[in-house]
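Here is the structure we will look at.
The values are calculated or read from the model by the stated rules, or taken from the named source; none is laboratory data. The structure displayed is predicted, hence computed values, not measured ones. Neighbour counts are summed over all protein chains in view; Cβ atoms, including those assigned to glycine, are modelled from backbone coordinates with ideal geometry.
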Ligand SMILES: C[S@@+](CC[C@H](N)C(=O)[O-])C[C@H]1O[C@@H](n2cnc3c(N)ncnc32)[C@H](O)[C@@H]1O
């Protein structure tokens with residue numbers, strides 16, 4: 001029996017579906033105005049959305065005049081809801097695990113990803129696939145949970161088997177799998193430092209041109225006071241790069 005993807009777990013999917021961005025789309029995502037400002041003109045562009053979820057961005061890109069938008073996601077439930085929303089002939093959704101992604105070379109002008117890459121184990125491989133799939137001067141624009149948030153699992157130490165204190169689960173510099181309670185129990189994400197993420201892109205051959213450590217604005221906090229605690233620590237890392 002295959003293990004369902006995180007977003008196909010009924011408990012997690014139900015909680016995720018209640019988030020403002022799940023109910024109201026791009027305009028309910030505080031980082032969207034900044035991310036949108038990092039995008040090239042989409043008219044006539046061929047776009048791939050990696051971890052497209054409910055497909056909000058795919059449909060928006062098509063409405064901006066994109067020639068073709070391919071939305072990829074591993075979750076059946078997410079894709080089912082994406083497909084249930086208004087169809088656009090320029091948008092195609094496809095079920096796919098990004099860990100095993102294969103894309104044709106030079107086939108896209110923009111690779112976009114919003115808040116999916118912190119679930120990826122082999123980001124080196126995926127970066128290479130994306131790089132090869134972009135046409136010359138093609139753009140990569142993505143958001144990822146900021147490393148300052150993926151680093152800690154809980155404060156303090158855990159006891160090693162020999163009784164010694166072991167720190168890695170709460171360490172910024174120790175990278176790898178973190179299991180947290182976010183919307184549901186046992187949610188696995190992959191922590192990488194800011195340096196690792198940027199170096200990985202540069203090593204792959206990307207020219208990194210924009211790096212934004214996003215914190216909500218005062219106006220956004222006034223409108224949604226629950227974001228108050230996000231003022232002092234960047235919530236998301238937004239990156240723009242070109243091939
Ligand atoms: C936080 S949601 C973001 C959805 C959408 N990009 C957005 O911003 O609204 C993360 C998405 O990444 C997808 N995802 C996670 N791991 C994946 C993988 N290995 N392959 C493909 N999609 C994955 C999830 O199924 C989920 O739809």
Top-ranked residue in the range 96-120 [being in a strand (DSSP E or B) and under 14 Å from residue 69 (Cα atoms); ranked as nearest to the chain's Cα centre (by Cα)]: 113
Select, from 125, 139, the only residue that is at pLDDT 85 or above, over 30 Å from residue 18 (Cα atoms) and assigned to a strand (DSSP E or B). 139
The range 1-18, residues that are within 9 Å of the ligand (Cβ to nearest atom) and surrounded by fewer than 18 Cβ atoms within 10 Å (Cβ to Cβ): 8
Going through the range 147-197 one residue at a time, which ones are modelled with pLDDT of 85 or more, loosely packed, with under 15 Cβ neighbours inside 10 Å and either assigned to a loop (DSSP other than H, G, I, E, B) or in contact with a strand residue (DSSP E or B) (Cβ under 6 Å, 6 or more places away or on another chain) (or both)? 172, 173, 188
When the range 84-101 is checked residue by residue, the ones that are surrounded by fewer than 15 Cβ atoms within 10 Å (Cβ to Cβ) and away from the ligand (no atom under 13 Å from the Cβ) are 84, 86, 87, 89, 92
Report, by residue number, each residue of the range 211-243 that is exposed (fewer than 13 other Cβ atoms within 10 Å of the Cβ) and out of contact with any helix residue (DSSP H, G or I) (no Cβ under 6 Å at 6 or more places or on another chain). 218, 219, 222, 223, 225, 226, 229, 232
What are the residues in the range 59-72 that are in contact (Cβ under 8 Å) with a residue 24 or more places away in the chain and either within 9 Å of the ligand (Cβ to nearest atom) or part of a loop (DSSP other than H, G, I, E, B) (or both), if any? 66, 72
Pairs returned, first residue in the range 167-179 that is closer than 21 Å to residue 124 by Cα, second residue that is modelled with pLDDT under 85 and part of a helix (DSSP H, G or I), beta-carbon separation under 6 angstrom, 6 or more apart or interchain, are 174/168
Looking only at the range 33-52, count how many residues are within 13 Å of the ligand (Cβ to nearest atom) and assigned to a loop (DSSP other than H, G, I, E, B). 2
Out of curiosity, is residue 114 within 11 Å of the ligand (Cβ to nearest atom), crowded, with 18+ Cβ neighbours inside 10 Å and under 23 Å from residue 137 (Cα atoms)? yes
Positions within the range 1-32 being out of contact with any strand residue (DSSP E or B) (no Cβ under 6 Å at 6 or more places or on another chain) and part of a loop (DSSP other than H, G, I, E, B), in sequence order: 1, 2, 3, 4, 5, 9, 18, 19, 25, 29, 30
